[in-house]
Amino acid sequence: MKLSRRDWLGGLAAAGAGAVLGGRSLAQTTRKTKLINVHHHLTSPAYVKFLQDNKVRQFPNKSAQQGLEEMDKAGIDTAICSIIGPGIHFGNLADTRRMARACNEYAAKLVSDYPGRFGIFTVLPLPDIDGSLKEIEYGFDTLKADGVYLFTNWGEMPLYGDKYIGDPALAPIYQELNRRKAVIYTHPKDNACCREIIPGLSDTTIEYGTDTTRAIASLLFSGTASKYPDVKFIMSHAGGTMPFLISRFIGGAAAYLQEGGKLKAGAPPERARPTLPKGPLYELQKFYWDTANAANPISLSALRRMLPFEQILFGADFPFADLAEDRKLLAASATLSPKELEQIGYDNVIRLLPKYKV
């Protein structure tokens, strides 16, 4: 069953879903706005082959055509593409550069082959700083990318990193991205420190959310977020555990509550420090946060209280999530109004990525 716009806006998974789209994408209807997903994994054949050949990871890889079919069923018009973990660095920097280029050119071909349906977050060949600067230039100037893609951790270790994205070693990259006023989309992966800690439990269950929070802490307390104010960060999975650890980051959160139950940056007991002259909450509320894997009232309610609504973006974790089901769950959470559900998938996104405005 394909979701009608009424399902999305009103959460009417039964009666509202009766609207027939006749096999068309919602991009082909007369809507005034589009639905844009910022969290969509489409992985190049070269990268898939590497992961499979080296038995690094098994995952439900799907083709671009399968992605489009699921997007159409869910009423998603445009998906901004990124690769999956654990990353493209496996010891040899030359191979890492070639893999980055293969992934990025594959995404660019999708953009060309399916106009209006896909976008690109350019993957960088870290830990190669010079190679990453060249890939930024190629990604933005030649491939017309929407932003760059950073895993929460990186480093010299093959596949699993031992450094975080606020590390000072990335200063040349942030200087260039700040100059370009670029978007950085972040996504977690396993860290070398914390793999397979609990037998029988996938690292993604705990570590993805936890590693996202570690990366956020790295950006804040290293001073990276405040030093490069024109870089725009998107945090995936609603910021992982960040909304639930807010008191640990800013102090007694109750003192921040203002009318409407929102957190207000700069209120006591938040203390400025050299790396955070305006305090951590100020920087947190500048970040953007997607809804992937957070389509439930607990996660969404915490996120809404932590930051301005305009910073929330629609994300659905293809191919790991059923896109249509994810939309139903968002509507059923009763945390976002019908108008707000529309806004997170369009208005908030085009504020960050204006080229998708209709």
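The values are calculated or read from the model by the stated rules, or taken from the named source; none is laboratory data. Worth saying up front: this structure is predicted, and the values here are computed from it rather than measured. Glycine also receives a Cβ, built like all others from the backbone with ideal geometry; neighbour counts cover every protein chain displayed. Accessible surface areas use protein heavy atoms only, side chains included; no ligands, DNA or RNA. Shrake-Rupley method; radii C 1.70, N 1.55, O 1.52, S 1.80 Å.
Tally time: how many residues in the range 321-341 are in contact with a helix residue (DSSP H, G or I) (Cβ under 8 Å, 6 or more places away or on another chain), of a type in the set (Asp, Glu) and surrounded by fewer than 20 Cβ atoms within 10 Å (Cβ to Cβ)?
Number satisfying all stated conditions: 2.
State whether the residues of the range 276-293 include one that is of a type in the set (Ser, Thr, Tyr), under 27 Å from Ile83 (Cβ atoms) and part of a strand (DSSP E or B).
The answer is yes; a qualifying residue exists.
Regarding the range 309-317, can at least one residue be identified that is open to solvent by 70 Å² or more (accessible area, probe 1.4 Å) and modelled with pLDDT of 95 or more? Spell out how you get there, then give the answer.
Looking only at the range 309-317, we keep the residues that are open to solvent by 70 Å² or more (accessible area, probe 1.4 Å), and these are 310.
If we keep only those that are modelled with pLDDT of 95 or more as well, we get 310.
Scanning the range 309-317, I find at least one residue that is open to solvent by 70 Å² or more (accessible area, probe 1.4 Å) and modelled with pLDDT of 95 or more, so the answer is yes.
Would a scan of the range 261-275 turn up a residue that is modelled with pLDDT of 85 or more and assigned to a loop (DSSP other than H, G, I, E, B)?
Of the residues in the range 261-275, the ones modelled with pLDDT of 85 or more are 274-275.
If we keep only those that are assigned to a loop (DSSP other than H, G, I, E, B) too, we end up with 274-275.
The answer is yes; a qualifying residue exists.
May I ask you to list pairs of residues, at least six apart or on different chains, whose Cβ atoms are under 8 Å apart, with the first in the range 171-191 being assigned to a loop (DSSP other than H, G, I, E, B) and the second being of a type in the set (Ser, Thr, Tyr)?
As it stands, the answer is Pro188/Thr152; Pro188/Tyr208; Pro188/Thr212; Pro188/Ser236; Lys189/Thr152; Lys189/Tyr160; Lys189/Tyr208; Asp190/Tyr160, since those pairs meet every condition given.
Applying the selection to the range 77-111, what residues are touching a helix residue (DSSP H, G or I) at 6+ places or on another chain (Cβ under 6 Å), free of Cβ contacts under 8 Å to residues at least 40 places away in the same chain and of a type in the set (A, V, I, L, M)?
Ala100
Which of the helices (runs of 4 or more DSSP H) found entirely inside the range 25-120 contain at least 2 residues meeting this: open to solvent by 10 Å² or more (accessible area, probe 1.4 Å) and closer than 29 Å to Lys134 by Cβ?
45-53, 93-113
So, in the range 121-157, how many residues would count as being part of a helix (DSSP H, G or I) and either buried (at least 18 other Cβ atoms within 10 Å of the Cβ) or basic (Lys, Arg) (or both)?
7
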